[in-house]
Amino acid sequence: MDSATDAPSVQARGVVKTYGAGPTAVRALRCCDLTVERGEMVAIMGPSGSGKSTLLHVVGALEPVTAGDIAVGGVPYAGLGDKGLTVLRRDHIGFVFQFFNLLPSLSAIENAHLPALIAGRRDKALRDRARMLIERVGLGDRAEHVPAELSGGEQQRVSIARALLLQPELVLADEPTGNLDTRAGAEILALLREVNQRDGESILMVTHDANAAARADRVVFLRDGEIVGDLPGGSTDDVLAFLAGLQAPGEAPASADAALV
Ligand code: ADP
């Protein structure tokens, strides 16, 4: 991908997403603007049905937008076509899902290496990188185990290794701790933060967990398909207070730092 080196990892402008048409149409996103700077970790929060997954899906080029522009690393999606978008997704975006989405018959290291095979890249460098990443996520002694022999937290570690294999511009994480117990969830969050801070990977993460969101640099809040808040990370209490304000419309956010946009 020809990316301008200092372009933001994500630049979304005026994004609208409507599902269906006519009287049953659902406006899932209404004119959203979102920027994720290079090396930033941004969490998306909001009530159920507010458009969080839709925003992640359009940024991940899994769904087309109805209107507006999205660019990853300075490369606009408009005009790329299906094939171009598939290549962009494959080579430049790493996905981490709530339910891990690992192939059950492959070992941890084979799952981590899979994106290389899908991209038709059988070089040793990527096999070595898969090994390095499996060790990096703390599974050096579990590399040959299949998913059924791994805990949920270990499976999510494998999926993080897989997401990082092709050194993506951006990692998109959809409820990465949603299927884990508190301790495993906290460990996965710490790992994502480390990947972000040490390797400089940009991360955009949907979460219901205020503790998880507070680990990010910024927390963006959605309500009814609109971005209604943008808060610096750091304080779980501030995140919870802002959310409480969202769920009871009309209430002012309780934090002085909370910026309604
Ligand atoms: P969240 O992730 O915040 O729970 P979603 O992005 O899943 O919200 O959904 C936003 C709105 O779009 C909801 O009203 C939901 O019912 C609707 N929606 C999501 N996906 C589809 C779809 N494939 N077809 C029709 N409506 C959808």
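FYI, it's all coordinate maths here, none of it is from the lab. Worth saying up front: this structure is predicted, and the values here are computed from it rather than measured. Every residue, glycine as well, gets a Cβ built from its backbone with ideal geometry; the counts of neighbours run over all protein chains shown.
How high is the relative contact order of the chain, given as a whole-number percent (alpha carbon pairs under 8 Å, six or more residues apart)?
24
Starting from the Cα gyration tensor of the stretch 109-255, multiply each eigenvalue by 5, take the square root, and state the resulting semi-axes largest first in whole Å.
For the stretch 109-255, the ellipsoid semi-axes come out as 34, 16, 12 Å.
For T66 and D141, what is the calculated FRET efficiency with R₀ set at 51 Å and r taken between the beta-carbons, to the nearest 0.05?
0.60
Rank Q11, Q247, Q156 by mean-square fluctuation in a GNM of the chain with C-alpha springs under 10 angstrom and give only the top-ranked residue.
Maximum among the listed residues: Q247.
Could you quote the convex hull projected area for the chain, Cα atoms only and averaged over all directions, in nm²?
Average projection, Cα convex hull of the chain: 14.7 nm².
Against the longest principal axis of the chain, how steep is helix 152-164, in degrees 0 to 90 to the nearest 10, with axes from Cα atoms?
90
Q197 to A25: FRET efficiency via 1/(1 + (r/R0)^6), r the Cβ-Cβ distance, R0 35 Å, to the nearest 0.05?
Once rounded, the FRET efficiency stands at 0.25.
Ranking M205, M132 by Cβ neighbours within 10 Å, fewest first, what do you get?
Lowest count first: M132, M205.
Neighbour counts of other C-beta atoms within 10 Å: give me S159, S202, S105 arranged from fewest to most.
S105, S202, S159
Where is the GNM fluctuation largest for the chain (alpha-carbon springs, 10 angstrom cutoff): G229, G94, G245?
Of G229, G94, G245, the Gaussian network model singles out G245 as fluctuating most.
When K52, K124, K17 are ordered from fewest to most other Cβ atoms inside 10 Å of their Cβ, what list results?
If I rank by nearby Cβ atoms, fewest first, I get K124, K17, K52.
Lysines within cross-link reach of K83: Cα-Cα under 23 Å, excluding same-chain residues under 8 positions apart?
Of all the lysines, those that pass the test against K83 - Cα under 23 Å, at least 8 places apart if same chain - are K17.
Normalised by the number of residues in the stretch 125-211, what is the relative contact order in percent for Cα pairs under 8 Å and 6+ residues apart?
Relative contact order for the stretch 125-211 comes out at 29 percent.
Report, for the chain, the % of DSSP beta bridges that are antiparallel, rounded to 5.
Just about 55 percent of them are antiparallel.
Quick check: the angle from helix 124-136's long axis to the longest principal axis of the chain, C-alpha only, nearest 10 degrees?
60
R131 to A78: extension gain in nm, 0.36 nm per residue of separation minus the Cα-Cα distance?
Full-extension gain reported as 15.5 nm.
Roughly how far apart, in whole Å, are the Cα centres of the stretch 220-243 and the stretch 71-104?
Answer, in whole Å: 26.
Any chance you could list P(r) for the stretch 35-157, counting all Cα-Cα pairs in 10 angstrom bins from zero, rounded to whole %?
With 10 Å bins starting at 0, P(r) equals 11, 34, 34, 19, 2.
Per the Kirkwood formula on distinct C-alpha pairs, the Rh of the stretch 12-99 is how many angstrom?
One decimal place: 13.9 Å for the Kirkwood radius.
Å³ per residue of the Cα convex hull, for the stretch 134-219?
It is 91 Å³ per residue.
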